[in-house]
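Quick note: the coordinates plus some simple rules give every number you see, no bench work behind them. Keep in mind it's a predicted model, so treat the numbers as computed, not measured. Positions of Cβ are backbone-derived with ideal geometry, glycine not excepted, and every protein chain shown enters the neighbour counts.
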Amino acid sequence: MANGNGKTGLLERVRERTAEAVDRLRGSQFMESVFRPGSPFKKGYADSPRNRSYVIMNNVLYHLHPVKVKRHGVKLSYTLCLGGLSFFLFILLTITGIFLMFYYAPTAERAYVDIQALSTNVAFGSLVRNMHRWGAHLMVLTVFLHMSRVFYHGAYKPPREFNWVVGVVLLLLTLLLSFTGYLLPWDQLALWAVTVGTNMAGFVPVFGDQVKFALLAGVEVTAGTLLRWYVLHVLFLPFIIVIFMAVHFWRVRKDGGISGPL
Amino acid sequence: MTEIPESLLRRSAEAKAKALGIPVEQVLAEMKGEAPPTPPAASEPSEQTAPPAEPSPQEPSSDPAASSGDVDALLAKAAQVAGMPEALLRRSAEAKAKALGVPLVNVLAEMAGEAPPVGAEAPPPAAEPPAGAPQPAEAPAAVAVEEPTVPAPTGNGGGKVAAVVSPRPSVPPAGVPEGVRTQRLLTVVKAKAIQQVKAEPHDKVNTWPHLMLVEFVALLAMTGLLILMSVALQAPLLEAANPNLTPNPSKAPWYFLGLQELLSYFDPQIAGVTVPTIIGLVGFMMIPYVDRNPSTKPSDRKLAIMLYTIFLAGSATLTILGVLFRGKGFNFSYPWKDGIFFDDLKDWVSFE
Ligand code: HEM
């Protein structure tokens, strides 16, 4: 009996101590400085309408989200979260892509060997490469489905016409990102898919040859093409798409938040 | 008046009832116009109590020939009184002098607290102040000075914009033409622009936690799906690139395969260019400007929905044809008989 009492006493004491320590940590100057007023990570956070507003308002998320959103907009069935998921996939692709960049050189001699080595010599190399590739396919899919969702809701109607235009540019940029990445493994699949793809671009009237030349840095797919597409893929296109995404998200808010309800 | 949804109205009525400590029914009755309003007890100051003043046009005092020494001395004093930098004060005094058409010294004297307000009733030309030093005693003060209790009203005189900065807004002598003195013009706003409320009331919820939670779950689900896929399915890597060895068939990435499929039916000049660029991009961008139907109700948009669905079904069909049903030489083939000629899919599906 006495034994049992002693045990619960110990447990209680441990629990108390832990709670105290956590409280002290959350109240420390460092944590106070990291989290702004209203953060749920702060000492003494209480769930209240005011604090719920503060969580967003005093947070970097305020750049993306207003404090309140239309009730129907948070239902998964309205947007299916497709725009948000496209954005999230873009972030995942950036992270996995940076990892791949550590092990890859865009030269005709090394590109293919580097990708091969990724699966054998690098911890998680194969997994990360797969995530990057399937993620890219998924992103094309989610962006396309997002566009379809927007169309079926008539969400491109005033005042959102221009955001639809921005969206079409985003779709084009997504396709270009995916297509430029396709060449980088420098295997037969990459080489010939890109040859077929750019042949289609070669049929542009009048300027066809010039367009093809600019795309390939030559008349056919060469090491020059590889370098050019690498730079487009890891630097130029991501830079541009981020700018367009910023405008896109900003307009979603300025056009009055999510459209609807239907 | 826009229609307010019943649920919103009720919530607002409840809040009001709680705040005022009266029954909800009373508030609702009042909102419906069936009862006199409860208690905005303190009467709001009515806005129109102070009619815009007619500032009498100032006749520029005949000749104030102020020496620059006076101006400097006054400026220094005024700056001290107002507690602001001389340069700023000077600029504001000049603006005021110009706006009122009075000499700079007068304005400065006023600002330094040595003279009654410049904006006061026009001095009879006879009572000419001695040129030079503005002496408070002799400066014209047409009206008895009373201690004012209220700060100056709004409204600026006639055609003039009262771009006036007074260093001492807190002690405006009364009897001064209103609107000329003791106020700062922040901006000129047309009343209508800020009062027209177009937004309709919406039923809203807090982003935190409601939206953030949904987003977080979606994000986790997507991460989980991607990791599972990447563990189960190996991304293709064929032999090293070889420009001298054309694989048969050569296929574009799947999102261009619908196009490649089209290309195989039409003259390349049409399918390779016109279809993707013109229709695909410009056409898509123009959708909001072509579809002028304002309704978002599906029942009002039968044509638009039908067209888009045809587009979706068409591109899906073409893509599937291109991915699965095209074999050697890009000829028709059956995946279950001839195998799959699409390397990204090799690891996904098999018919063995
Ligand atoms: C990289 C690609 C894209 C990203 C990351 C993206 C992201 C988003 C996000 C997060 C939203 C908020 C609502 C939602 O999640 O559905 C949104 C809304 C919207 N997007 Fe996109 N989007 C992309 C591409 C597109 C495309 C291709 C179009 C159309 C051609 C488009 C048109 C629109 C429109 C009109 C809205 C407002 C919808 C509404 O208010 O209901 N976006 N987008």
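Given a 10 angstrom Cα cut-off, can you work out which residue in A:226, A:76, A:183 is the most mobile in a GNM of chain A?
Comparing A:226, A:76, A:183 in the GNM, the peak value goes to A:76.
Anything over 19 Å Cα to Cα? Flag those among A:157/B:302; A:68/A:254; A:42/B:204, in the order listed.
A:42/B:204
Report the Stokes-Einstein translational diffusion coefficient (µm² s⁻¹, integer) for chain A, Rh taken as the Kirkwood radius over Cα pairs, at 4 °C with viscosity 1.567 mPa s.
Here the translational diffusion coefficient equals 57 µm²/s.
In nm, to one decimal, how far is the modelled label at residue A:116 from the one at residue B:308, with both set 7 Å along Cα→Cβ?
4.8
Based on the mean of other beta carbon atoms within 10 Å per residue, what is the order of A:187-193, B:82-88, most packed first? List each step's numbers first, then the result.
Numbers: A:187-193: 24.1, B:82-88: 12.6.
Per-residue mean Cβ counts within 10 Å order the peptides as A:187-193, B:82-88.
Give, as a single signed number, the net charge of other residues whose beta carbon lies under 10 Å from the beta carbon of residue A:218, with Lys and Arg counted +1 and Asp and Glu -1.
Net local charge, residue A:218 excluded: +1.
What's the FRET efficiency of residue A:207 with residue A:231 using the Cβ-Cβ distance as r and R₀ = 30 Å, to the nearest 0.05? Before the final figure, lay out each step's value.
Numbers: r = 22 Å, r/R0 = 0.74.
For R0 = 30 Å, the calculated efficiency reads 0.85.
Give me the angle, in degrees from 0 to 90, between the Cα long axis of helix A:188-201 and the longest principal axis of the Cα atoms of chain A, rounded to the nearest 10.
Orientation of helix A:188-201: about 70 degrees from the principal axis.
Please compute the average number of Cβ atoms from other chains found within 10 Å of each residue's Cβ in peptide B:316-325.
Per residue, the number of nearby Cβ atoms from other chains is 0 on average.
What do you get for the angle between helix A:237-254 and the principal long axis of chain A? Use alpha-carbon atoms, 0 to 90 degrees, nearest ten.
So the helix axis and the longest Cα principal axis differ by about 50 degrees.
What ranking, highest mean first, results for peptides B:307-318, A:52-63, A:22-33, A:85-96 when packing means the other Cβ atoms within 10 Å averaged over each residue?
A:85-96, A:52-63, B:307-318, A:22-33
Please give me the summed charge of the neighbours of residue A:167: other residues whose Cβ is under 13 Å from its Cβ, Lys and Arg +1, Asp and Glu -1.
Summing Lys/Arg as +1 and Asp/Glu as -1 gives +1.
Calculate how steeply helix A:82-101 sits against the longest principal axis of the alpha-carbon atoms of chain A, using the helix alpha-carbon long axis, and give the answer as 0 to 90 degrees to the nearest 10.
70
Which peptide among B:216-222, A:148-154, B:20-26, A:175-181 comes first, and what is the full order, when sorted by highest mean count of other Cβ atoms within 10 Å?
Values: B:216-222: 14.3, A:148-154: 18.9, B:20-26: 11.9, A:175-181: 21.0.
Result, highest mean Cβ count within 10 Å first: A:175-181, A:148-154, B:216-222, B:20-26.
Once label points are set 7 Å from the Cα along Cα→Cβ at both residue B:8 and residue A:101, what is their separation, rounded to one decimal in nm?
Computed distance between label sites residue B:8 and residue A:101 equals 4.7 nm.
Across peptide B:259-265, how many C-beta atoms of other chains are within 10 Å of each residue C-beta, on average? Please report the intermediate quantities before stating the final value.
On the way: counts 3, 5, 0, 1, 4, 0, 0.
That average works out to 2.
With a 10 Å cut-off between alpha carbons and a GNM built on chain A, which of A:13, A:133, A:110 moves the most?
Highest fluctuation of the listed residues: A:13.
What is the order of B:11, A:50, fewest Cβ neighbours within 10 Å to most?
Fewest-to-most Cβ neighbours within 10 Å comes out as A:50, B:11.
Which residue, A:197, A:73, A:135, has the most motion in a Gaussian network model of chain A that connects Cα atoms within less than 10 Å?
A:197
Once region A:204-262 is represented by equal point scatterers at the alpha-carbon sites, with solvent omitted, what log10 I(q)/I(0) does the Debye formula produce at q = 0.27 Å⁻¹?
Evaluating at q = 0.27 Å⁻¹ gives log10 I(q)/I(0) of -1.01.
Residues of A:84-93, mean number of Cβ from any other protein chain within 10 Å of their own Cβ, rounded to a whole number?
Working: counts 6, 5, 0, 1, 6, 4, 0, 1, 5, 1.
Other-chain Cβ atoms within 10 Å of each residue's Cβ, averaged: 3.
Quick one: Kirkwood hydrodynamic radius for region B:280-352, alpha-carbon pairs, angstrom, one decimal?
One over the average 1/r among Cα pairs gives 15.3 Å for region B:280-352.
Length gain on complete extension for the stretch residue A:108 to residue A:169, per 0.36 nm per residue less the alpha carbon to alpha carbon distance?
Values: separation 61, 0.36 × 61 = 21.96 nm, distance 3.13 nm.
Fully extending the segment from residue A:108 to residue A:169 adds 18.8 nm.
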